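**Student:** Pasting in a structure now, in structure tokens, and then I'll have a few things to ask.
The values are calculated or read from the model by the stated rules, or taken from the named source; none is laboratory data. None of the values given here were measured: they were computed from a predicted structure. Here the Cβ positions follow ideal geometry from the backbone for every residue, glycine too, while neighbour counts run over all protein chains shown.
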Amino acid sequence: MKTLSRRAWVLYLLVLAFLAGVGILFYTFFTNADAWAMKRTNRHIYNKGNLSTAGSIYDESGAVLAETVDGSRSYNSSKDVRTATLHIVGDSQGYIATGIQTAYNDILTGYNIVDGVYDLKKYGKGSDIKLTVNADLCVTGYKALGKNKGTIGVYNYKTGAIVCVVSKPAYDIQNKPSESINNDKTGAYDGVYLNRFFSGVYTPGSTFKIITSASAIDNLPDIGTRSFNCTGEHKVGGDSIKCLSVHGNINFEQALNRSCNSAFAEIAIDLGKEKLTATTDALGFGKRFKVGKVSLAKSSFNISEASTVDVGWAGVGQHTTRVNPCHMMMIVGAIANGGSSPEPYFIKSVTSPTGNVSQTKGGNMLEPMFSQMTANRLDKMLRSNVKNYYGDGKFSGLEMCGKTGTAEVSSNEGGLSPHAWFVGYSQREDFPYAIVVVVENGGSGGSVALPVANKVMQKAESIFGG
Ligand SMILES: [Zn+2]
């Protein structure tokens with residue numbers, strides 16, 4: 001009897017172990033099946049490591065960005081379009097992880113978990129993807145960046161549709177300069193496989209003053225009646241936060257117009273670590289946003305260990321703060337839209353091999369970033385920046401709101417010019433679009449990034465304006 005029960009136990013244990021094994025096998029299958037079927041060695045889809053048989057990718061106007069012709073991938077006939085849309089379309093070898101050809105290869109190849117690459121075998125193709133992005137607008141942006149690296153993004157702040165994504169450096173996908181990329185020692189191809197709009201983070205410089213302003217509006221009841229006296233620096237003990245000018249006596253709005261470091265350092269120190277951090281938390285710093293299947297790089301704000309003078313520097317967008325450009329665009333989009341940004345997206349529709357079209361439903365609102373009152377107040381101040389300081393002539397006919405930034409990069413990067421930023425949006429009802437521009441080592445935000453933003457917004461207005 002004793003022996004029997006011991007045997008039974010051994011059997012039970014064996015059965016349990018077997019079931020556990022099967023469970024793990026199923027679990028790994030369901031979680032990794034996509035990855036296994038998409039391995040570059042899968043000959044149905046990849047030819048010598050290149051994506052070959054897959055659906056087409058179109059821009060929002062219907063222009064072909066990628067398609068399969070005679071078993072190999074072929075791209076738009078214009079070199080400018082191929083280069084400017086490289087990062088959103090992605091390469092066929094999977095180097096650009098956030099590109100459609102990699103991040104959405106399951107859809108392009110018609111893969112489904114039950115049948116493997118069934119659609120592909122049955123129909124000889126997968127699904128086609130139509131983007132919300134306009135290729136000509138990307139070309140305008142790419143050219144506007146000139147010789148500099150950088151990124152530009154534009155989206156509709158009412159629907160979330162992304163209409164422009166540019167990341168530079170890029171290359172002509174049809175004629176990849178592999179030799180030059182692999183042997184580059186000049187830095188010309190630094191981060192070439194990175195879509196800077198989704199995956200980059202930068203020191204925000206003075207664009208961060210929008211965020212310090214939000215915190216001040218929420219936490220300092222007398223902020224509207226305060227006056228600041230800028231002597232060219234804000235002293236903290238033996239240290240100081242330098243201003244680019246001597247602004248004299250100014251109020252809160254003028255401090256933002258003129259981007260006064262002294263005033264904003266004073267505001268940040270007055271707010272203190274807890275309140276500034278609460279504001280950045282509410283805006284999604286430290287959070288990983290997703291745009292479709294693409295995860296954005298996290299923006300970061302950490303002043304827990306900062307000295308008082310460094311809290312001042314953080315308030316003017318320096319210190320260790322880093323911001324993802326798409327996230328910054330969403331922040332001003334939320335201001336334009338009364339406090340919340342719609343979830344950004346870049347896929348307009350998917351057409352299955354049998355012709356079924358599924359449209360992307362846009363417009364899902366993300367968690368509110370600002371109260372409506374704070375958003376309205378910031379909206380007025382950002383409009384004042386353009387109207388009373390940069391000049392409406394810089395954005396003819398657009399009724400723009402915005403903020404420039406000139407972000408110092410750390411001195412150990414070898415005396416490089418600062419990153420030039422512009423972030424803003426049009427107030428026009430018939431043209432609800434927001435833009436972010438970062439020109440790496442471009443110099444001044446006002447003289448470099450702002451004209452780039454104008455070129456791109458004027459072109460966007462000619463395509464999407466009412
Ligand atoms: Zn100043």
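**Student:** How many residues are in a helix (DSSP H, G or I) and among the polar types (S, T, N, Q) when one looks only at the stretch 305-357?
**Tutor:** Of the residues in that region, 1 qualify.
**Student:** What pairs can you find where one residue is in the stretch 234-261 and of a type in the set (V, I, T), the other is within 10 Å of the ligand (Cβ to nearest atom) and in a helix (DSSP H, G or I), and their Cβ atoms are less than 6 Å apart, with a gap of 6+ or different chains?
**Tutor:** Qualifying pairs under 6 Å: I241/N261; I241/A265.
**Student:** Residues in the stretch 449-466 that are in contact (Cβ under 8 Å) with a residue 60 or more places away in the chain, more than 22 Å from N337 (Cβ to Cβ) and in contact with a strand residue (DSSP E or B) (Cβ under 7 Å, 6 or more places away or on another chain): how many?
**Tutor:** Of the residues in the stretch 449-466, 2 are in contact (Cβ under 8 Å) with a residue 60 or more places away in the chain, more than 22 Å from N337 (Cβ to Cβ) and in contact with a strand residue (DSSP E or B) (Cβ under 7 Å, 6 or more places away or on another chain).
**Student:** For residues that are part of a loop (DSSP other than H, G, I, E, B) and crowded, with 23+ Cβ neighbours inside 10 Å, scanning just the stretch 263-300, find the one that is farthest from the ligand (Cβ to nearest atom).
**Tutor:** L296
**Student:** Now a separate question. Are there any pairs with C-beta distances below 8 angstrom linking a residue in the stretch 333-358 that is farther than 22 Å from E429 by Cβ to a residue that is among the basic types (K, R) and at pLDDT 95 or above, with the two at least 6 apart or on different chains, and if so which?
**Tutor:** Note: pairs meeting the criteria are I347/K130; K348/K130; S349/K130; V350/K130; T351/K130.
**Student:** Quick one: which helices (runs of 4 or more DSSP H) sit completely within the stretch 1-90 and have at least 3 residues that are at pLDDT 65 or above and over 32 Å from the mean Cα position of the chain (by Cα)?
**Tutor:** Details: elements: 2-37, 79-84, 86-89.
Per the criteria, 2-37.
**Student:** Shifting gears a bit: Identify all residues within the stretch 332-357 that are crowded, with 22+ Cβ neighbours inside 10 Å, over 14 Å from the mean Cα position of the chain (by Cα) and of a type in the set (V, I, T); write none if there are none.
**Tutor:** Within the stretch 332-357, I335, I347 qualify.
**Student:** Within the stretch 219-226, is there a residue that is of a type in the set (D, E), surrounded by fewer than 16 Cβ atoms within 10 Å (Cβ to Cβ) and closer than 28 Å to S340 by Cβ?
**Tutor:** For the stretch 219-226, residues of a type in the set (D, E), surrounded by fewer than 16 Cβ atoms within 10 Å (Cβ to Cβ) and closer than 28 Å to S340 by Cβ: present.
**Student:** Determine, yes or no, whether H319 is surrounded by 19 or more Cβ atoms within 10 Å (Cβ to Cβ) and modelled with pLDDT under 95.
**Tutor:** yes
**Student:** Test E305 against the stated conditions and say whether it is farther than 30 Å from H87 by Cα, within 16 Å of the ligand (Cβ to nearest atom) and among the charged types (D, E, K, R).
**Tutor:** The answer is no for E305.
**Student:** Let me ask you something else. Return the residues of the stretch 312-366 that are farther than 26 Å from V437 by Cβ and in contact with a His (Cβ under 8 Å, 6 or more places away or on another chain); say none if nothing qualifies.
**Tutor:** If the condition is that a residue be farther than 26 Å from V437 by Cβ and in contact with a His (Cβ under 8 Å, 6 or more places away or on another chain), then G312 is the only one that fits.
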